[in-house]
Amino acid sequence: MRSLRWIPLLLLAAVLAMINSCKKHDLYDWQITQEINDSIMPIDSVDKFHNWLLFKTATVAVKANDNVGAQWVKILTADPRQATNAEVATQAPITDGGIAYLSFCYPNHADTLYAALVSSEGLYTVTPFAPGSERQVDFSAPSYRQQVLSYTPQPQVFVFCYEEEMPDITQPDFDYNDIVLHLSYERTGKHEMRFHVQLAAVGTDHQVAAAIHLKNIKKDDIESITTVGDASFNQNNQGKEVPNQILSVQKDRTLLLEARNSKDAVINMFCDGHWATGDILTEDYGRMLRKRYNVTKGSSTDAQIMVPREVTYVVTFKENVGVEYITYDLIDPFIMKQFLGAVFEVHPYAYRSECVLSEYPIDDRINRVPWALTIPYGKFRHPLEGVNIGFKKKQTLGFGAYGYAGHSFGEWSMNHVLAQDWYLNEYATENQVY
């Protein structure tokens with residue numbers, strides 16, 4: 001019987017040995033991962049001061065001191081008489097003699113924006129201003145007054161591009177096309193905003209979900225949320241709901257969710273990016289073919305050209321919410337993917353450490369480069385499948401979709417004050433972008 005007393009001690013020693021062995025042979029070692037990351041990174045010396053923002057945020061007080069029958073005040077990205085692509089950065093209701101306080105985002109390389117008073121007849125009174133220095137704008141000397149435009153400026157579009165490999169970064173391609181979303185928003189009433197979301201590309205063959213985190217806007221700040229026409233990314237083109245049995249990342253389809261810790265509002269977009277394309281027709285859900293959409297020049301057995309789908313979310317806020325201060329820097333669209341049994345979120349760089357709906361380990365060593373890019377340009381052409389967005393090693397520009405000398409992604413990555421216009425169409429390599 002005495003010999004049996006040693007059995008628990010032997011078992012304990014064995015367990016401790018196993019634990020020690022597991023520590024030595026950890027299947028997911030952050031340091032090893034970082035070494036791999038360094039070896040495959042397309043940029044060899046990332047600017048340590050980089051915030052990976054291509055846009056700035058400003059607030060102006062606009063005074064409607066002109067008798068033009070003003071109904072709306074709009075901030076435009078270009079002079080709408082001189083350009084056909086002027087977009088509305090933000091807008092608010094106003095009347096003659098009134099003052100509106102407007103917050104908005106604009107590209108880093110933009111020096112001039114335009115404020116416009118718009119009458120109920122659609123007549124535009126426009127004046128330029130410098131968003132980097134002017135905090136008050138009036139119409140004492142407008143460029144033109146009560147003019148008819150040849151078109152109606154639409155809401156400003158930002159493009160969000162994601163790499164779903166994070167944190168499994170052993171084989172990233174840095175093409176930023178695993179999910180591509182075109183997003184715009186507009187204020188359509190005193191307490192109402194509409195968020196227009198277009199799913200432009202799905203370049204992954206894994207299940208990916210997506211949502212929009214509204215930073216500093218609590219779930220309780222929202223009165224209601226609906227979609228125009230009851231549209232849903234969780235329905236295919238035939239109106240079939242994504243089946244529960246295939247969902248592994250996000251099963252909740254409720255439109256309005258709440259962030260785990262901050263209680264911020266979260267707009268729930270889709271549970272499965274492939275189903276959201278609308279192209280899925282098969283009834284054999286267990287063997288659904290996950291093609292790549294809009295990341296190749298043509299269709300094949302594993303790639304497909306699709307018409308981008310769009311859903312508009314109508315959000316009604318409660319009276320105490322300052323909707324005029326909601327801007328792109330407070331809008332955090334993110335994707336979700338499964339890795340090692342956990343659900344990880346990929347956010348724009350400013351929110352890279354957020355765990356909005358899921359809890360998972362955060363390690364800044366893998367966040368030296370962004371796993372999501374926010375492009376303040378609705379015409380941005382994302383790279384084709386497997387095409388690096390931009391390469392720069394040892395001061396030499398190499399391959400990449402945006403490698404134009406003087407206007408390249410690589411130069412901007414190595415020095416955040418350079419090449420801030422790299423994403424414009426004229427600097428894309430035609431045969432490497434969609």
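Selection within segment 65-82: residues that are farther than 14 Å from PRO128 by Cα and of a type in the set (A, V, I, L, M). The member of this set that is surrounded by the most Cβ atoms within 10 Å (Cβ to Cβ) is ALA70. Only one of the listed residues (PHE139, PHE160, PHE174) is aromatic (Phe, Trp, Tyr) and at pLDDT below 95. That residue is PHE174. Residues of segment 291-307 that are open to solvent by 50 Å² or more (accessible area, probe 1.4 Å) and either touching a residue at least 24 places away in the same chain (Cβ under 8 Å) or of a type in the set (A, V, I, L, M) (or both): ARG292, LYS297, ASP302, ILE305, VAL307. Considering segment 340-353, and only residues there that are touching a Lys or Arg at 6+ places or on another chain (Cβ under 9 Å) and assigned to a strand (DSSP E or B), the residue that is nearest to ASP220 (Cα to Cα) turns out to be GLU345. Can you tell me which residue within segment 183-210, out of those that are touching an Asp or Glu at 6+ places or on another chain (Cβ under 6 Å) and among the β-branched types (Val, Ile, Thr), is modelled with the lowest pLDDT? Selected residue: THR204.
The set of residues from segment 87-103 being open to solvent by less than 20 Å² (accessible area, probe 1.4 Å), under 21 Å from the mean Cα position of the chain (by Cα) and not hydroxyl-bearing (Ser, Thr, Tyr) comprises VAL88, ALA89. Restricting the search to segment 229-243, which residues are of a type outside the set (Asp, Glu) and either in contact with a Cys (Cβ under 7 Å, 6 or more places away or on another chain) or open to solvent by 70 Å² or more (accessible area, probe 1.4 Å) (or both)? Across segment 229-243, the qualifying residues are GLY229, ASN234, ASN237, GLN238, LYS240, VAL242.
Among the residues making up segment 246-257, those that are touching a helix residue (DSSP H, G or I) at 6+ places or on another chain (Cβ under 8 Å) and either closer than 17 Å to SER353 by Cα or in contact (Cβ under 8 Å) with a residue 40 or more places away in the chain (or both) are ILE246, LEU257. Each residue in segment 280-334 was checked for being polar (S, T, N, Q), at pLDDT below 95 and in contact with a Phe, Trp or Tyr (Cβ under 8 Å, 6 or more places away or on another chain), and 1 pass. Of all residues in segment 103-115, those satisfying the criterion of being within 14 Å of PRO128 (Cβ to Cβ) and not in a strand (DSSP E or B) are ALA110, ASP111, THR112.
Whenever a residue of segment 134-152 is under 15 Å from ILE75 (Cβ atoms), its partners that are part of a loop (DSSP other than H, G, I, E, B) and of a type in the set (A, V, I, L, M), lying with C-beta atoms within less than 9 angstrom and at least six residues away or across chains, give the pairs ASP138/ALA64; PHE139/ALA64; PHE139/VAL68; PRO142/VAL68. For the criterion of being within 20 Å of the chain's Cα centre (by Cα) and open to solvent by less than 10 Å² (accessible area, probe 1.4 Å), PHE139 fails. Within segment 389-434, take every residue that is outside any loop (DSSP other than H, G, I, E, B) and under 20 Å from the mean Cα position of the chain (by Cα) and give me the one that is modelled with the lowest pLDDT. My answer is SER413. Would you please name the residue that is farthest from the chain's Cα centre (by Cα), looking only at residues in segment 313-353 that are surrounded by 21 or more Cβ atoms within 10 Å (Cβ to Cβ) and of a type in the set (D, E, K, R)? For segment 313-353, the residue satisfying everything is LYS337. Condition (residue is in contact with a Phe, Trp or Tyr (Cβ under 6 Å, 6 or more places away or on another chain) and among the polar types (S, T, N, Q)) applied to segment 197-206: is it met by at least one residue? So far as segment 197-206 goes, no, none of its residues is in contact with a Phe, Trp or Tyr (Cβ under 6 Å, 6 or more places away or on another chain) and among the polar types (S, T, N, Q).
Every test in (1) modelled with pLDDT of 90 or more; (2) open to solvent by 10 Å² or more (accessible area, probe 1.4 Å); (3) outside any strand (DSSP E or B) is passed by VAL356 save one, and that test is (2).
Just one of the numbered conditions (1) of a type in the set (Ser, Thr, Tyr); (2) surrounded by 19 or more Cβ atoms within 10 Å (Cβ to Cβ); (3) outside any loop (DSSP other than H, G, I, E, B) is not true of TYR176: (3). Screening SER150 with (1) surrounded by 13 or more Cβ atoms within 10 Å (Cβ to Cβ); (2) outside any strand (DSSP E or B); (3) more than 24 Å from the chain's Cα centre (by Cα); (4) not charged (D, E, K, R) gives one miss only, at (1).
The values are calculated or read from the model by the stated rules, or taken from the named source; none is laboratory data. As the structure is a prediction and not an experimental result, all values here were calculated from the model. All Cβ positions, even for glycine, are placed from backbone atoms using ideal geometry, and neighbour counts span all protein chains on display. Surface areas here come from the heavy atoms of the whole protein model, side chains and all, with no ligands, DNA or RNA. Shrake-Rupley method; radii C 1.70, N 1.55, O 1.52, S 1.80 Å.
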